[in-house]
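First comes the structure, then the notes that go with it.
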Amino acid sequence: MTMGVRHADTLEVPLLTPASVKDLTAPVTRESAEYQNLSAKFLVQERTFNRQYASLYQASVLRLSQAEEQGAECIVVGTLYKQQPLKPSILQEVSEEANLTPQPIREKFVDEEQDVLILEDEAQRTVLLGDLVKPGPFVTGPVVGVRGVAEEGGKFQVKELIWPTPIPPPERTETDKDLFVCLVSGLGLSGDETNLINFSLFKDRLAGLCGDQEESGRVVHLIIAGNSMSTSTHDRDAHKKAKYLTRNVAPSTLKGMQFLDSRLAELLPTLPVDIMPGDLDPANAMLPQQPLHPAMFPSSSPWSSFRSVTNPHECTINEVHFLGTSGQNVRDISRYSTVEDPLVILESLLRWGHLAPTGPDTLPTYPFYHHDPFIIERAPHVFFAGNQSNFDTKLYTMPGGGDVRLISLPCFATTGTAVLVNLRNLEVQTLSFMDDVGIMDDQSD
C-alpha cells in the first residue's frame, strides 16, 4: 500500500484552518504506481510583462522550418491569422463609450461568409485559397507549412498542409494488472449542500468507504483538472461595495476551499492527488496557470502525496504519459471556429503541435521569451480537457503511428461524472453520481 508521508513542519500562518495533527488512515488497501511530474516547463520563474509575444510565434515557425525544407515545389511557412469581423475589438469597445453602436453580446464569433484565412510571417501576408483552408475550423495562431502555387493579388492556392505534428507517444511496458487513474474536473464547491454531498460520495468511493473496496484500491492516482470552486463564489460587484460593508465578511471561496482541503486530506494517506487550477479558482488568469498556493490547503499540503500543479499539467504514471488542461484552450477555440466537439479540437491541437495556439490573440498567455512551453514535442498517451459540457472519449491514431486516448472531462458539479483510465490498455470507465439519490454507476467505454 502506498502511504503518503506527512511533513513534520506545518504552515505558521495558515490561510484557512490549521492542519490537524492526527494522521488519517483509509480502510482500503491500495496499489502503487510510479509517478513523474513533467510540468516544470510551465512554471513561470521570472514574472516579466514588458516583452512582446513575437518570440513565441518565432519558436513555432523555426520548429516547422527545420522539419520541412523547401524543395522543388513552393512551400511557405508561417502563422495562420483568421480575419474575423465579429471578433471583439478594443476600438469598438471605445466607440461604445462615445455613444456609438455597441458590440452585440456573442458566444461565438464566426461568420463563414466574411472570415478570411491568412498566412503571415515576419515579412508579408498572403490570403490562402482552396478547399483545404476553408476558414471555419481554423483559428488564429497555429503554425503551418503550405504547399501550392502563388497567384496574383497576394493570394496562394493551397494543395497541401504541412503541420508540425509531434512524434508518436513512447512504447509502454506490457502489464496484466488493471490499475486506474481517476480524472475529475469542475467540482464546483461552494456553500451549496448538493455539491458538497456529491463530492463526499465521490471521495468515499475512492476511499473504499462504499462500493467495492478491491476496485477502489486499484485507483492509484487522482487528477483534479481545475474549477474546484463554483461560479457562485465569484462576486463581480465586490469591488464596488463600501469597505465597511465587507470588512467582516469571509471570502466567498473560503467554505468551498475548507471543504475540499478536509476531504482531500482523508484520501492522501493512500491516494496521491494532483490538483490543477482553473479559471474559477483563486489563481492567475494567464496560461500557464501557476499552482494553487499551499496555504489554501493546510490539512493537505503537509502530505507528500499532495501536489498542487500547473495548468496545463503533464506527468507520467506507470509509463503512461498524461497531458491536459482545465479546458480554457478548448473553449476558446470553440468560440472562434465552427468546431464545437471537444474531441475534434483535441485532435487539432495534436495535429498543430501546440496546446494554446490562440494565445495571446484571444486566450491570455504569459509572454515567454526563451522558449514556448505550449509546444507539444511528443504526443501523450492520454490527452484530456477538463470542464466540458459532456463526457466523451475516443482513441486517436497519430499520423506517424501510435494511439492517443482523447478525453473530454465533464463538469462534475453539473453531471456528477468522473473518469477512470486503465493504465494497462487506456480503456475508459465513468463513475456517475446521480443527483437525486446519490447512486454511483460504472459505465464502460
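No lab work stands behind these numbers, since they all come straight from the coordinates. Note that the structure is predicted; figures quoted are calculated from it, not measured. As a convention, Cβ positions derive from the backbone with ideal geometry for all residues, glycine included, and neighbour counts pool all protein chains shown.
For Tyr369 and Lys394, the difference between the fully extended length at 0.36 nm per residue and the C-alpha to C-alpha distance is 5.5 nm. Suppose R0 equals 51 Å; then what is the FRET efficiency for Lys177 and Lys41 from their Cβ-Cβ distance, rounded to the nearest 0.05? Step by step, r from the Cβ atoms, then E = 0.95.
Computed with the Debye formula from one identical point scatterer per Cα of segment 289-350, without solvent, the log10 of I(q)/I(0) at q = 0.14 Å⁻¹ comes to -0.58.
Using a cut-off of 23 Å between Cα atoms, the listed pairs Lys41/Lys203; Lys87/Lys134; Lys82/Lys155 include Lys41/Lys203 as exceeding that distance. Each other residue within a Cβ distance under 15 Å of Glu340 adds +1 if Lys or Arg and -1 if Asp or Glu, for a net charge of -2. The string of couplings for segment 387-401 from the Karplus curve (6.51, -1.76, 1.60, θ = phi - 60°) is 6, 9, 6, 9, 7, 7, 7, 7, 9, 9, 8, 5, x, x, x Hz, one whole number per residue in order, with x for Gly and Pro. Of the peptides 339-350, 78-89, 125-136, the ranking by mean beta-carbon count within 10 Å, highest at the top, reads 339-350, 78-89, 125-136. Relative to the current alpha-carbon distance between Gln213 and Ile162, full extension at 0.36 nm per residue lengthens the span by 13.4 nm. Highest mean first, the peptides 260-268, 284-292, 32-40 sorted by other C-beta atoms within 10 Å per residue fall in the order 260-268, 284-292, 32-40. Given the options Val143, Pro168, Ala123, identify the residue whose Cα lies farthest towards the positive end of the charge dipole of segment 107-217 (+1 on Cβ of Lys, Arg; -1 on Cβ of Asp, Glu). Highest projection toward the positive end goes to Ala123.
Give the Kirkwood hydrodynamic radius (Å, one decimal) of segment 333-409, defined as one over the mean of 1/r across all pairs of different Cα atoms.
Answer for segment 333-409: a Kirkwood hydrodynamic radius of 13.4 Å.
Arranged from highest to lowest average of other beta-carbon atoms within 10 Å per residue, in what order do the peptides 405-414, 204-213, 112-121 appear?
Details: 405-414: 24.0, 204-213: 17.9, 112-121: 15.2.
Answer by packing, highest mean first, reads 405-414, 204-213, 112-121.
Mean separation of Cα pairs under 8 Å and 6 or more residues apart, divided by the residue count, gives segment 269-424 a relative contact order of 19 percent. Here the 3J(HN,Hα) profile of segment 267-281, calculated from phi with Karplus coefficients 6.51, -1.76 and 1.60 at θ = phi - 60°, is 8, 5, x, 10, 10, x, 10, 10, 10, 9, x, x, 6, 9, 8 Hz, Gly and Pro shown as x. Were the residues from Glu122 through Asp361 laid out at 0.36 nm apart, the gain over their Cα-Cα distance would be 84.4 nm. The alpha carbon convex hull volume per residue for segment 291-445 rounds to 160 Å³.
What net charge do the residues around Arg218 carry, taking every other residue with its C-beta under 12 Å from that of Arg218, with Lys and Arg at +1 and Asp and Glu at -1? Can you show the working numbers first?
Details: positive: Arg30, Lys177, Arg424; negative: Glu31, Asp178, Asp212, Glu214, Glu215.
After counting each charged neighbour, the total is -2.
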